[in-house]
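The values are calculated or read from the model by the stated rules, or taken from the named source; none is laboratory data. As the structure is a prediction and not an experimental result, all values here were calculated from the model. Cβ placement follows ideal geometry from the backbone for every residue including glycine, while neighbour counts extend to all protein chains displayed.
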C-alpha cells in the first residue's frame, strides 16, 4: 500500500507497475483502497477555492496605485 | 535549459511594467489565495499569512523592474512569498522546522495500520486484508460532496504536519504540478512524493472514519 502514490504519480518502473496491476486484478481489498485514494484526491481538488476578500483586493489595488505614482519606470 | 515564458505571462509582465491595473488584478486573482495557503506553512495563523501575502505583493511590485524572466513569473512570485514568510516567522519566533520539508524522516509511517492485514505466516491468506476496505462508489455522491465531508477534509489537512500540509494543499487542492511544488518548496521530487503519500493517507483515513464509522479501525 506504500506504493499507491508512486503508482498514481506514474513513478513506478515498468516491471513494478505490472506487478502492481497484476496484484490489483486479484485483490479486491487493494482495489477498494486504490479507489478510496483516488476519491480522496478528487474530493481534495473540489474543495471550494476561497474567494479573494474584497477588502484584501482593494488594499492591493491601492498599493498598486501608490506604487504606480511613486515608481520612476511607469 | 532556458525558460520560455508563455505569451500570456509576457503580456502580464509588460502590463505590470506599464502600470496596467488590469494586469495586476489578474495576477492577484490568479495567485493570492495560493500565496496565503503557502504562507500558512510558515506562520500558521491565517490572519498573519494574509499580511505576509500582501507584503509579498509589495515586494513583487518593487522588484518587477528587475525581474529577468529566467524563471517563470509564478516561481519568482512564490520565491518572494516564501522569503517574506520565513522572515516574518523568524520575527515572531515561530520557526517551522524546515528540515521537515527537506527529509520527511526515516521513521516509517505505514499508510494503513498493520492490524488490517493477516499475518504473513497465515496458513491460507498470508498478508491479505482482514476485512476489505469498503467501496466508496456505493455511497451517494451528495454524501461525498456534502459540507460536513468538506469540513472533515479541511480539518484533516489542518492537522497535518507543515510539510505534508504544504504538499497536499498545493498538489491536490490547488492543482499545481509536482515540478511547480518542488520549485516552490525547494524539495526533491522523491521527498515531495513521500510527503504527498503520507498526507493523502491521513486524509483518506479521516474520510474513512467519517464515512464508515462502524467499519474503520
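Here is how the numbers come out for the structure above:
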item	result
Residue list for the stretch B:142-162, filter: farther than 15 Å from residue B:208 by Cα and at pLDDT below 85	B:142, B:158, B:162
Test result for residue B:24, buried (at least 16 other Cβ atoms within 10 Å of the Cβ) and farther than 17 Å from residue B:170 by Cα	yes
Residues (touching a residue at least 60 places away in the same chain (Cβ under 8 Å) and under 12 Å from residue B:79 (Cα atoms)) located in the stretch B:179-198	B:180, B:183, B:184, B:185, B:186
Residue check for residue A:60: under 22 Å from the mean Cα position of the chain (by Cα), within 21 Å of residue B:30 (Cα to Cα) and facing chain B (nearest Cβ under 7 Å)	no
